[in-house]
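First up is the structure itself, then whatever we jot down about it.
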Amino acid sequence: MSNAIDLKLFSERRLMGHRVPEDLELLLANSENVQKLTGIEFSDKTDWVPWLDVSYLSEKQLNDPDIAANIKAIAAVSQYISFVAATEDSEYIGYWRGPQTGGLLQAPIVCLDNEGQFNAIAGRNIAEALLGLLYNANTFTNFKQLIEDAGMSIPYSSYREIPFLEDSKDAAYVSPSDLHKKLYYEFRTNLVAKLD
């Protein structure tokens, strides 16, 4: 049985119908090798939303205003991210489309980490961003070689050299971290008011 990623489904389910960027298409074509080498996985399944899983929380935790507000804020911010990859450490990588819609090729690459924090990560595209997450020199070198063998040039010899895509200078730009914080406080205020 093949674990091949269907590009049409991936586009529909992960990228809101946008064309799969070339670097990501290259990674998807080599997804089994990428996963074996790095533990990074891709999915074209409809129900692939592990970042929204709260089944590990107790009912008491789910009713805590701080936790409930954070869950709602993460879900709301995640609506603006086209998540495309997951690390073996339960971190999710995607394109930040933000409240102001922009094209994928200009979108900053972001990570929702396993602590529930949103962060911009280095890389001008998904391939560079995933490479930038590999702090082990051997894994970095092997993953870089896999990407280059597939036809994409990578000019970096270490994750430290990978640049960040510049944040928008537009005054209306909102980072995922800032939006999360804003929504968290709004949701928390509303939940606490309901308890009073």
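The values are calculated or read from the model by the stated rules, or taken from the named source; none is laboratory data. Remember, it's a predicted structure, so these values are computed and weren't measured experimentally. Note that we place each Cβ from the backbone using ideal geometry, even for glycine, and neighbour counts take in every protein chain shown.
Of everything listed in (1) assigned to a loop (DSSP other than H, G, I, E, B); (2) more than 29 Å from Gly17 (Cβ to Cβ); (3) not hydrophobic (A, V, I, L, M, F, W, C), the single unmet condition for Ser43 is (2). Of the residues making up segment 21-53, those that are among the β-branched types (Val, Ile, Thr) and within 13 Å of Ala85 (Cα to Cα) are Val34, Thr38, Ile40, Val49. Counting just the residues of segment 144-160 that are surrounded by 12 or more Cβ atoms within 10 Å (Cβ to Cβ) and assigned to a helix (DSSP H, G or I), which one comes out modelled with the lowest pLDDT? Result: Tyr159. Whether any residue in segment 16-35 is more than 25 Å from Glu88 (Cβ to Cβ), touching a strand residue (DSSP E or B) at 6+ places or on another chain (Cβ under 7 Å) and loosely packed, with under 15 Cβ neighbours inside 10 Å is what I want to check. Looking for residues that are more than 25 Å from Glu88 (Cβ to Cβ), touching a strand residue (DSSP E or B) at 6+ places or on another chain (Cβ under 7 Å) and loosely packed, with under 15 Cβ neighbours inside 10 Å, one finds at least one in segment 16-35, hence yes. Here Ala73 meets each of (1) touching a strand residue (DSSP E or B) at 6+ places or on another chain (Cβ under 6 Å); (2) surrounded by 19 or more Cβ atoms within 10 Å (Cβ to Cβ); (3) of a type outside the set (Val, Ile, Thr); (4) closer than 22 Å to Ser175 by Cβ with one exception, condition (1).
Return the residue satisfying two criteria in turn: it lies in segment 91-113 and is farther than 16 Å from Leu165 by Cβ and out of contact with any strand residue (DSSP E or B) (no Cβ under 9 Å at 6 or more places or on another chain), and of such residues it is surrounded by the most Cβ atoms within 10 Å (Cβ to Cβ).
It comes out as Pro99.
Would you check if there is a residue in segment 46-65 being at pLDDT 90 or above, among the small types (Gly, Ala, Ser), over 28 Å from Thr189 (Cβ atoms) and not in a helix (DSSP H, G or I)? Scanning segment 46-65, I find no residue that is at pLDDT 90 or above, among the small types (Gly, Ala, Ser), over 28 Å from Thr189 (Cβ atoms) and not in a helix (DSSP H, G or I), so the answer is no.
Residues that are β-branched (Val, Ile, Thr) and either closer than 17 Å to Cys111 by Cβ or touching a residue at least 12 places away in the same chain (Cβ under 8 Å) (or both): does segment 61-72 have at least one? Checked segment 61-72: at least one residue is β-branched (Val, Ile, Thr) and either closer than 17 Å to Cys111 by Cβ or touching a residue at least 12 places away in the same chain (Cβ under 8 Å) (or both).
Conditions (1) touching a Lys or Arg at 6+ places or on another chain (Cβ under 7 Å); (2) of a type in the set (Val, Ile, Thr); (3) part of a loop (DSSP other than H, G, I, E, B), marked per residue:
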| residue | (1), (2), (3) |
| --- | --- |
| Lys72 | no, no, no |
| Val84 | yes, yes, no |
| Asp89 | no, no, yes |
| Ile93 | no, yes, no |
| Cys111 | no, no, no |
| Gly116 | no, no, yes |
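Within segment 124-158, being in contact with a helix residue (DSSP H, G or I) (Cβ under 7 Å, 6 or more places away or on another chain) and of a type in the set (Lys, Arg) holds for one residue alone: Lys144.
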